[in-house]
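The values are calculated or read from the model by the stated rules, or taken from the named source; none is laboratory data. What you are looking at is a predicted structure, and each value in this text was computed from that prediction instead of being measured. Counting neighbours? That spans all protein chains shown, and the Cβs are built from the backbone with ideal geometry, glycine included. Surface accessibility is based on the protein's heavy atoms, side chains included, excluding ligands, DNA and RNA. Shrake-Rupley method; radii C 1.70, N 1.55, O 1.52, S 1.80 Å.
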Amino acid sequence: MGRVGVLLLNLGGPEKLEDVRPFLFNLFSDPEIIRLPVTWLQKPLAWFISTSRYKKSQENYKQIGGGSPLRRITEEQARALEAKLEEKGQPAKIYVGMRYWYPFTEDAIAEIKKDKIEHLVILPLYPQFSISTSGSSFRVLEGLWEEDAALGDKVNYSLISSWYDRPGYLQAMADLIAKELDKYENPNDVHLFFSAHGVPVSYVEEAGDPYQREIEACTSLIVQTLNRPNAHTLAYQSRVGPVEWLQPYTEDALQELGEKNINDVLVVPISFVSEHIETLQEIDIEYREVAEEAGIHNFRRVPALDTHPGFINDLAELTIESLNNPSQKFADVVRPSERLKMYPQERWEMGITTSAEVWNGRFAMLGFIALLFELFSGKGILHAIGIL
Ligand SMILES: C=CC1=C(C)c2cc3[nH]c(cc4nc(cc5[nH]c(cc1n2)c(C)c5CCC(=O)O)C(CCC(=O)O)=C4C)c(C)c3C=C
Ligand SMILES: [Fe+2]
């Protein structure tokens, strides 16, 4: 076999407070995150949302030390995987490609070309597939392959779309949970609270995203592997915007546990394998407050896998299996139809409803864009009637 590379895909995160706004702009420019009926509105909308959201988001990053640890942890995972592959007799160079911040996926591919890699394993660091995460990174890669015939000719790639059911990963998760459970006075009485990152319902119901199915299957498999008598709940966190996301929402599920007088809750984050803002800030700070208010006073969390040896070993085995077996290609991966509007919600309801708010938002945005246009061009209705 010729030169082997592994491309680890991840979301990326702002490393400094000044990065937050351009990071959010990149995120909301992605049509797999927000899709509008007219493509030319995508960038103005991304500008509008990132501008209105970044201060609040900066406050959250301030609470975790001023930036995301995602790049550092992903690079540590890359080094650990490289060492494990070497140990297993399958040397490979590992690359990190982030979707919304440095090092970008495009830069990783430029390195891969420069290094003359012949076999590339594309491995997203998301255990479950979603159109909004692995799917979005695959789209970027597919575009690069289409643009550059030399890539297709020289780099033989192997795509892994999800791996939530791997026994090594499940065992690593079960080990982490068991270790935390055993720190409680009565481990069997602790309620396990699986918290997954949410996605809008339309992704699953209209675009056919397998994410919810994979999250549910993953939760059941972890519970089976753990093999303890603890009760458990699955809920979805990190909702953004006015549309309906997967339910139950984490805050509602915590409220419900509080009403049932459950005091010992252990949160298990399952959509992501590294510590990041949604574990360190959202769960550890925001949801802890929600839990306290709901009467849950012993609220703890299982740490993310990061460079857990069993997990890294499983990634190495997955890489070797993928090199030896034919795998999926970009065209095999679930994608929404180009015409599908994934946000905001389309169903109309009367009264002060989500739909009404969405339409208000749309009109406000159009008005805002028209105002910007007038300010820059000096032409328009406000000039005509003498207001500007
Ligand atoms: C499997 C994990 C993730 C899914 C699914 C996902 C979907 C998704 N996310 C947003 C909006 C935001 N995500 C943000 C940060 C963020 N998202 C994930 C993972 C998933 N997102 C991670 C790991 C991170 C954090 C990176 C870090 O900095 O540590 C943010 C920015 C943070 C904030 O301002 O709150 C936004 C916004 C949408 C809309 C979406 C599905 C459509
Ligand atoms: Fe997200």
Failed criterion for R239 (all others in (1) at pLDDT below 95; (2) surrounded by fewer than 19 Cβ atoms within 10 Å (Cβ to Cβ); (3) more than 16 Å from ligand 2 (Cβ to nearest atom) hold)
(3)
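Report whether or not L81 is within 16 Å of ligand 2 (Cβ to nearest atom), closer than 22 Å to S274 by Cα and surrounded by 20 or more Cβ atoms within 10 Å (Cβ to Cβ).
No, not satisfied.
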Of the residues I312, I262, which is modelled with pLDDT of 95 or more, in a helix (DSSP H, G or I) and crowded, with 17+ Cβ neighbours inside 10 Å?
I312
Quick one: count up the residues across the range 175-212 that are surrounded by 16 or more Cβ atoms within 10 Å (Cβ to Cβ) and under 17 Å from Q128 (Cβ atoms).
15
Only one of (1) surrounded by fewer than 17 Cβ atoms within 10 Å (Cβ to Cβ); (2) of a type outside the set (D, E, K, R); (3) out of contact with any Pro (no Cβ under 8 Å at 6 or more places or on another chain) fails for T74. Which number is that?
(1)
What's the total number of residues in the range 88-119 that are in contact with a helix residue (DSSP H, G or I) (Cβ under 8 Å, 6 or more places away or on another chain), open to solvent by 60 Å² or more (accessible area, probe 1.4 Å) and farther than 16 Å from S136 by Cβ?
7
Per the filter on the range 173-203, residues in contact with a Cys (Cβ under 9 Å, 6 or more places away or on another chain) and assigned to a helix (DSSP H, G or I) are M173
Exactly one of (1) within 15 Å of ligand 2 (Cβ to nearest atom); (2) over 18 Å from S130 (Cβ atoms); (3) among the aromatic types (F, W, Y) is unmet by F28. Its number?
(2)
Just to check your reading of the model, which residue among E282, E244 is open to solvent by 10 Å² or more (accessible area, probe 1.4 Å) and out of contact with any Pro (no Cβ under 9 Å at 6 or more places or on another chain)?
E282
Kindly establish whether S68 is surrounded by 20 or more Cβ atoms within 10 Å (Cβ to Cβ) and either touching a strand residue (DSSP E or B) at 6+ places or on another chain (Cβ under 6 Å) or within 26 Å of L17 (Cβ to Cβ) (or both).
yes
I need the full set of residues from the range 138-193 which are among the charged types (D, E, K, R), over 20 Å from the mean Cα position of the chain (by Cα) and within 27 Å of D30 (Cβ to Cβ), in order please.
E146, E147, D148
Out of all the residues in the range 242-253, which are more than 16 Å from ligand 2 (Cβ to nearest atom), within 23 Å of S220 (Cβ to Cβ) and out of contact with any Asp or Glu (no Cβ under 9 Å at 6 or more places or on another chain)?
Q247, D252, A253
